[in-house]
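Undergrad: Right, I'll just put the structure down here and ask away after.
None of the figures in this text is laboratory data; all of them are computed from the coordinates on show. This one's a predicted model, so the numbers in the text were calculated from it and none came from an experiment. Note that each Cβ is placed from the backbone with ideal geometry, even for glycine, and that neighbours are counted across all protein chains shown.
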Amino acid sequence: MDQLRRSNEPEVRAALTPSDTKGGARQLRRAATALGTTALVVVVCSALFAHHASAKLKEFTEAAAVITVATTQPAAGSQLGELILPGNVQANYEAPIYARTSGYLKRWLVDIGTPVKAGQLLAEIDSPEVDQQLRQAQADLATAEANQKIADLTAERWRNLRATDSVSKQEADEKISLAASGDAQMQAARANVQRLRELSGFEKVIAPFDGVVTARSTDVGRLIAAGENTGPALFRVADMHRLRLYVSVPQTYAAVMKPGLKADLLFPDRPGKTYVATLDSTSSAIDVATRTLLAQLVIDNKNGELLPGAYAEVHFKLPPGAGAVSYKLPANVLLFRSDGMHVGTVDANNRVVLKAVEVGRDYGSDVEIVHGLDTDDKVILSPPDSLTDGLAVRVASPAKPTRVSKS
């Protein structure tokens, strides 16, 4: 076996020639070069992918940082020829009727809705204490008058005696002084009787003017205390042949509120009917809290159709050219800043432009903008408080209406 192995070794060595050795090395170098190239391609591709991913991330981050806003375009209103405001109707005269004397209610003669005339008896109060005081005062007056009569006679006698020097001047002066003092006491007693007589007269509660009883807050047998702050009013009387209407007018329209300005009135309880009121006067001052001018209008109500305390929709007929073009927008477009009211708009480059505006009437969910906007402005709805001038925004596309299929 060993001889056979030794005999084959020269044959193997003879098979591995020098040219074969050089070819293997060349193939090894080629494989290494290919492997290096592949690794380089992998590294370059990884770098390019990472750069592309970073650019995409930056683009996404920048896009996410841009605020998306919804906008609306204001529709121009017509030239202000009519101003619609809420109003409150009040009676021309209205007075609560209180008792001027204490006691128990003896009877009442009128109820709510009863027309009354000035001086008409409304109720009677039983006040025995006042009646007793009046009788005592009358007796005191009678005593004072009797004392005054004797004092006058005595003073006259002493004057005559003094004329003949029968009495001293001091004694005569004392009698004359007593007569003057008695006269003063008699006048005081007479004034007290008059006071109690008038107080006793207040036992009869009468109407102060022509009108209608709108409230009765008492009944027979009820204890009545004199004075306004001691209980509810016995009655309330209102003169309704003429009514007063009060309207708070925004400062924007204060300049056109002149006496004689006409207004149409609509009442919920009188559908289809229109009443005319005339501006009588204004408060001539702007309320600091509401920035409104209080206007008073008068309404002829001889037929008694309209009721005090009612709500009315007031349509002022403004003169031509009284105001500027107004815009009605949702209330959520307003931005409250330290320098006043603003709205955010979007320009042609999708940049924010803040505009100072002046608000007219407030409708609750909507407001009237009377200054600061143009018809072609794109107004931002529900703007964030962080909104600033020049900020880039993305305008959301308006929602497409949903089609409803007909079955």
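Undergrad: Can you work out the Karplus-derived ³J(HN,Hα) for every residue in the range 101-106? Use 6.51 cos²θ - 1.76 cosθ + 1.60 with θ = phi - 60°, whole Hz, and x for glycine or proline.
TA: For the range 101-106, the Karplus-derived couplings read 9, 8, x, 10, 5, 7 Hz, x marking Gly and Pro.
Undergrad: Hey, can you rank 389-395, 42-48 by average C-beta count inside 10 Å, highest first?
TA: In descending order of packing, they fall as 389-395, 42-48.
Undergrad: Does the range 244-387 classify as rounded, prolate or oblate by the C-alpha gyration tensor (a ≥ b ≥ c root eigenvalues; a/c under 1.5 gives rounded; else a/b over b/c gives prolate, otherwise oblate)?
TA: The shape class here is prolate.
Undergrad: Treating cross-link reach as a plain straight distance, find the aspartates and glutamates whose alpha-carbon is under 20 Å from the alpha-carbon of residue 117, omitting any fewer than eight places away in the same chain.
TA: Leaving aside aspartates and glutamates fewer than 8 places away in the same chain, those within reach of residue 117 are 94, 203, 210, 239, 300, 305.
Undergrad: Here's something else I'd like to know. Under a Cβ-only charge scheme (Lys and Arg +1, Asp and Glu -1), can you give me the dipole magnitude of the range 125-266 about the Cα centre, in debye to the nearest 20?
TA: Approximately 600 debye in magnitude.
Undergrad: With the cut-off at 1.5 for a/c, could you classify the range 121-254 from its C-alpha gyration tensor as rounded, prolate or oblate?
TA: Since a/c reaches 1.5 and a/b is larger than b/c, the shape of the range 121-254 is classed as prolate.
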